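The next block holds one structure in the form of structure tokens; read it before the comments.
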Amino acid sequence: MTARRAATGRAVEGGAATGRRTRPGPHAGPLLAMRAIAKSFPGVRALRGARLTVHAGEVVALLGENGAGKSTLMSILAGVHTDYEGTIECDGVPVTIHSPKAAQALGIGMIHQELNLVPELTAAENIFLGREPRTPRGTVDYRAMDRRAAELLTRLGLEVPPRRPVKHCRIAEQQLIEVAKALNLDVRLLVMDEPTSALADAEVRRLFEVIRDLTADGVGVVYISHRLEELEEIADSVTVLRDGEYVGERAMADTDRSELVRLMVGRTMDELYPRGGEQRSEGPVRLEVSGLSCVPEGGSRLHGIDLSVRAGEIVGLAGLMGAGRSEVLQALFGAYGAGRVGGSVTLDGQPYRPRSPKHALRKGMALVAEDRKAQSLVLANTVRFNTSLASLDRYRRPWHTVDRRREREAVAEQVDGLRVKAPSLNANVDTLSGGNQQKVVLAKCLLARPSLLLMDEPTRGIDVGAKAEIHELMDRLARQGTGILAVSSELPELIGMCDRVLVLCEGRLTGEFHRDAANGPRAEQEALLTAAMAREDVVTGTGGGDAAEPTAGDGTTDPADPTDPADPTDPADPTDPTDPDDRPDTTDTTDTTDTAGTDDDAGTPGGDHR
Amino acid sequence: MRRATRGYAALGLVLTLAVTAGCTSKAPTNEDAGDRNKDEFVIGYSQSNNAEPYRAQINLQLRYYMEKYPKLKLLPISDGQQSSATQLSQVQTFIEKGVDVLLVSPNEPDPLTPVVEMACEARIPVVLLDRSVNTDCHTSFIGGDNYEIGKKAGERAVRELPDGGRVAELRGVLSAKPQIERHKGFMDAIKGHDIKVVAQREAKWLRADATKVTQQWLQGGKKIDLIFSHNDPMALGAFLAAKSAGKAKKTKFLGIDGLAIPSGGIRAVQQGKLDATYLYPTGAKEAARTVADIVAGRKVPKKQTLETVEINSENAAEIYQKYDMSGKIE
Amino acid sequence: MTGTLTDAPDKEQARTPLARVARLLPVLGSLQGYIGLVLVLLIGIVTQGDVFLSETNLTNAVGAFSSRGILAVGVTLVILTAGIDLSVGSLMGFCSMAAALLLVNEQMPVWQIMPLCMLAGAALGLVNGIGTSVLRIQSFVMTLAMLSIARGLDREMSDNVSVGTQVAGPDGTLTPEAEAFQQLGTPGHNVLEGVWLPFVGKEGVYFPVLAFVVVCVAFHLLLSRTTFGRHVYAVGGNPTAARLSGINVTFVTIAVFTLSGMLAGIAGPIDAAYSAAADPLAGTSYELDAIAAAVIGGASLRGGKGTIVGTFIGALILTLLDNVLGLNAVSDNWQLVIKGSIVVLAVVLQRPDLFRRKEKA
């Protein structure tokens, strides 16, 4: 054991030791240089030719859409993926990073977006996890640990006692404890992945001060965030990735938001999305929802949401993480059971009460869930098993046996139609690529012959080809009269595919976008993107919890802004009964009405609801 | 700092409790013991495991014979459930209740020695039933002689096979002391005679295992004239196997226990399944008498070894009736 | 079992002939599962030849294990849903005692005892299912509790005394009910004598063996052919996906525990007949043998993976191994060592990925 550890230590020593020796002296090269990095997962090429350069004392922003390869690049840096191509240099010395331990030895610290804390342990114990100070007797030196933890926490402006269990800390506090944990490592390069997503304004300020302290000491920082205004404030330069490739690098001072957005989006919508400039909303109303409210376990609450979907229409749901988009779909699909969902829903003109997924399927709904591996597929089973799972009753013979011949034919038809690449119907789905897995999920939904299709991130994490095929399919289904309600975090996709886009924030409907024929999709996307980013201020105001100042700066006026260019009394959707203009007094349903109403009236949709 | 303090505090608390408990358990019994003029004497019996038919039989018989002495009141019998730790705490409970006489059938000698010593310190007379402990502070030990039983079975085997023969032995759990002694007695008895032990296996006291093992022996072509089993269920399991192989008539079966229950060995002898079984006496009758003597202040022998009886087709009916508890007790 | 090729077959998948063979046998589980069986058979044939292969020996061997084998089928169902059933041994003990008491005290005929025991087992299994799914107690904890509860009821019912099933009437011969009860598994009693059956002809079959095989076939069909079977695999493979695919997860969970209990109800009377007595301790630690059979047969405790055929083979491996060791008079202590090692070996053999990784690196 000890021998092995020593060996690992020596292996990295070569690179690290030389690096450390030259640390204070003149630069032998940049602190970190990653060049021509490539990495592929089965079926997907996540990175190709990516690069990133960080100098000591510099904050480099890493920017890109979801799936652009940012996290993969950072995982390589953290030693999670060992089979990458390309070169990594530290201080001009080539290094290989084969394990998280090697990354640590190089002085690379990482703060992940998902918190990596042990809830049952205290703040101090988490900060010192795996590197607890010891007393001469060999026991944990709690006194030293607490003292040092308190120092770190104070430096971050956090008034959390070191002995408080992490599970009793608020999310924002947990995030900062995560930062403290990284600081404790004595890092030379710190990667921060969306560190402010749960922080309130004041806490963000404090974090920035800490970052400035660090850079003054010569630490390099890679800062990943979607909040452009934050990048403007903290970053020195920005590197943009798109579809796993390096797009460009700019000095922050020489660039502006619109250029960054352009770099991120990069392509013209019209080529990629099949659903051109058409508007198809003439069909009968498939789904009519008014005052949908829901208190899911562990999800975001919904407060009185109104929406409708017509036959042949694709309606998009936009919003940030935690805005309640998935919850809308899950609630409609009955995943939360009957008890937790309020409001009235009509489906094809009939009153509908979400009871269970089984019931929803019988009523002609189908759901493409957000996480195909966790929510949609039985990975250890075959393509056929998965595809027919939701519609087995269709192939039932007496004694509840399955007519396997008819089942196979039906499955084969769907699988062929979707061009799923699988060695056979009896291949396990975990051997398929992400795109093909997603197609199996779609095949499963289509086999249930839905008249209303709920899609949650239908193209997340799949390659461009499969993505285009799925878009085509959505278009085809809509033309055949299926109503589609789709959630996506990719704004170009929403704009390219949807007839209408609804924006959610904090479980409320806060905007509706229609196609803007005059200015083209590019303008729309930028408007939506700007809107989404502006809205993050609102989230910032509340995510931190209690007493964050209710008038969160310019956040108050923003909700109205983005709708203006895209919206003005849209002629394309004259029949919509729940007109988005009535937003302030969004229905008076069940719980939450009072606060919801007042908040909206006051123009601060981000009141503190938690 | 605080954490450490808390730890020491907890440790201290536990120690205090332990010490106090030790004190209180001694207090009440000192004056009780020796008071021979009471109207009622409370007796506690700690059984090691109720779920063995033999021990269930002890319990029944003990209750039956205790009722014959009006002054003795037997508390509900505690069941150690084959766990020494469980039994230990149950004996402690009896001591704290301040019983007048304590009866114990220890599950294992070592773990129960300290608690028997505790009882002695509290001046509670202890009568050990069936198994002993590693201390001699107890008042009396009542138990069968497993060596003797094994020897008698061996002698019977010699008688059954005057011209010599081939014998198989189905043994109890190998680590169990009765098993060891029964085996030794049997081997000593057949020594010097033309009797060969051609097979022996552990069947864990269990009927089903004995059936399986015997089937394998017979299937493997072993010629067996007599099967000696360390208890009756195993003997009956062997009989079943031999019967299904059509060899029951040519084979003799010897068992041990001789319980007077419908599925027991005595009935099996009556039915001709077993040739003989050896009574492993429960000692309940002797225990009740010993307890009565103790409370009356009479002297009792330190060790009482119970005689075994060979149960064969001649005396089976009589013995069954003598020990049959059904209907005699609720 | 040939798959419809939907598109150009993936080159990697079809390349090795071994992979192609393995794909032909999805129902029979992985090829490696058989290695253990073949090994045991070989050892048996080499060392004990005729004796080992004789019909009586094999019948005896399988008969001795059949009650545990039947339990293993139930346990497999539960394991497939990513649960565990530790209570089957106790449930079987309970049902064997119930059967013996019904026979001795009520003189009930066999054809009534069997369904009643199945009902009793199913009822206790239902409690397991409700505890696990509705009350959301982990199945390990719930069935551990049931292990204790059922054993307690068993012992209470029997007054800790074993109950013999060979009840003699006033004339000293067995009562007709007891005579019929022997058919369930008392060694030397066959059923269906005079009826021609495949493999055995007209001599009849030993009921424990017949019951084990019938249970395996029935549950194999249930799992592989019915919608319920699909649901079981889905619930074990991914409960969220199963629920979102319209499967009533609660129902499936309750059903598998109930079925497992019901199978214990079948095994109980058989075990009582085999020993010609119901012992208050009967079935102790049988759950471990049952779980071992399922696991050797390729069932994954993580759920969603496993087959009844696999469990059948697992049970055969355990049975025949025991038999071979017994025939060769291997000492008891070494038998324990060898059996434990075989479990590890069988499970490792089913994990080809363990060896494949080396090739990659």
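The values are calculated or read from the model by the stated rules, or taken from the named source; none is laboratory data. Everything quoted here is computed from the prediction, not taken from an experiment. Positions of Cβ are generated from backbone atoms using ideal geometry, with glycine treated the same way; all protein chains shown enter the neighbour counts.
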Review point. Between residues in region C:183-212 that are within 13 Å of chain B (Cβ to nearest Cβ) and residues that are surrounded by 14 or more Cβ atoms within 10 Å (Cβ to Cβ) and basic (Lys, Arg), which pairs lie under 6 Å by C-beta distance while being six or more apart or on different chains?
Key: C:Gly188/B:Lys243
Exercise for review: Please enumerate the residues belonging to region A:459-480 that are part of a loop (DSSP other than H, G, I, E, B), of a type outside the set (S, T, N, Q) and out of contact with any strand residue (DSSP E or B) (no Cβ under 9 Å at 6 or more places or on another chain).
Suggested key: A:Arg460
Point to revise | Subset of region B:225-250 [away from chain C (no Cβ under 13 Å), crowded, with 21+ Cβ neighbours inside 10 Å and not in a strand (DSSP E or B)] | key: B:His230
Check your understanding: What number of residues within region C:244-280 satisfy the criterion of being within 14 Å of chain A (Cβ to nearest Cβ) and of a type outside the set (A, V, I, L, M, F, W, C)?
Key -> 4
Practice item. Collect the residues in region B:296-318 that are surrounded by 21 or more Cβ atoms within 10 Å (Cβ to Cβ) and in a helix (DSSP H, G or I), keeping them in residue-number order. Key: B:Ala316
Exercise for review: Quickly run through region C:220-233 and pick out the residues that are facing chain A (nearest Cβ under 8 Å) and in contact (Cβ under 8 Å) with a residue 40 or more places away in the chain.
Suggested key: C:Tyr233
Exercise for review: Among residues belonging to region B:251-278 that are in contact (Cβ under 8 Å) with a residue 40 or more places away in the chain, surrounded by 23 or more Cβ atoms within 10 Å (Cβ to Cβ) and assigned to a strand (DSSP E or B), point out the one that is nearest to the other protein chains (Cβ to nearest Cβ).
Suggested key: B:Asp257
**Study point:** Filter result for the condition that a residue is more than 8 Å from chain C (Cβ to nearest Cβ), in contact with a helix residue (DSSP H, G or I) (Cβ under 8 Å, 6 or more places away or on another chain) and assigned to a strand (DSSP E or B), over A:Leu442, A:Leu454
**Key:** A:Leu454
Check your understanding: How many of the residues in region C:290-330 are without any contact (Cβ under 8 Å) to a residue 40 or more places away in the chain and either touching a strand residue (DSSP E or B) at 6+ places or on another chain (Cβ under 9 Å) or not in a loop (DSSP other than H, G, I, E, B) (or both)?
Key -> 3
Review point. Which residue out of A:Ala172, A:Ala253, A:Ala202, A:Ala180 is in a helix (DSSP H, G or I), without any contact (Cβ under 8 Å) to a residue 24 or more places away in the chain and more than 30 Å from A:Glu493 (Cβ to Cβ)?
Key: A:Ala253
Check your understanding: Inside region B:189-208, can you point out the residues that are under 25 Å from B:Lys177 (Cβ atoms) and either facing chain C (nearest Cβ under 9 Å) or part of a loop (DSSP other than H, G, I, E, B) (or both)?
Key -> B:Lys191, B:Ala199, B:Arg201, B:Glu202, B:Ala203, B:Lys204, B:Trp205, B:Leu206, B:Arg207, B:Ala208
Check your understanding: Restricting to region A:212-230, what's the tally of residues that are outside any loop (DSSP other than H, G, I, E, B) and either among the β-branched types (Val, Ile, Thr) or surrounded by fewer than 22 Cβ atoms within 10 Å (Cβ to Cβ) (or both)?
Key -> 10
Exercise for review: Kindly check whether there is at least one residue in region C:241-261 that is modelled with pLDDT under 90 and assigned to a loop (DSSP other than H, G, I, E, B).
Suggested key: no
Exercise for review: Read through the list (1) assigned to a helix (DSSP H, G or I); (2) away from chain A (no Cβ under 14 Å), then give the number of the only condition that C:Gly283 fails.
Suggested key: (1)
Study note, to complete from the structure: Residues in region C:149-174 that are within 13 Å of chain B (Cβ to nearest Cβ) and part of a loop (DSSP other than H, G, I, E, B) total 11
Revision key, fill the gap. Among helices (runs of 4 or more DSSP H) entirely within region C:25-129, at least 3 residues that are under 20 Å from the mean Cα position of the chain (by Cα), buried (at least 24 other Cβ atoms within 10 Å of the Cβ) and among the β-branched types (Val, Ile, Thr) occur in C:55-80
Review point. Out of the residues in region B:79-103 that are in a strand (DSSP E or B) and modelled with pLDDT of 90 or more, which is nearest to B:Lys285 (Cα to Cα)?
Key: B:Leu103
Review point. Where in region A:27-124 are the strands (runs of 3 or more DSSP E), entirely inside, with at least 3 residues that are small (Gly, Ala, Ser)?
Key: A:32-41, A:44-54
Review point. For A:Leu425, which of the numbered conditions (1) touching a Lys or Arg at 6+ places or on another chain (Cβ under 7 Å); (2) more than 23 Å from A:Tyr395 (Cβ to Cβ) fails to hold?
Key: (2)
Check your understanding: Which one is surrounded by the fewest Cβ atoms within 10 Å (Cβ to Cβ), of the residues in region C:199-237 that are of a type in the set (Phe, Trp, Tyr), closer than 28 Å to A:Arg406 by Cα and more than 12 Å from the chain's Cα centre (by Cα)?
Key -> C:Phe228
Practice item. Scan region B:279-330 for residues that are free of Cβ contacts under 8 Å to residues at least 12 places away in the same chain and assigned by TED's automatic domain parsing to the domain that holds B:Lys73 and jot them down. Key: B:Asp293, B:Arg298, B:Lys299
Check your understanding: Just checking, how many residues over region A:231-247 are in a strand (DSSP E or B) and closer than 23 Å to A:Glu490 by Cβ?
Key -> 8
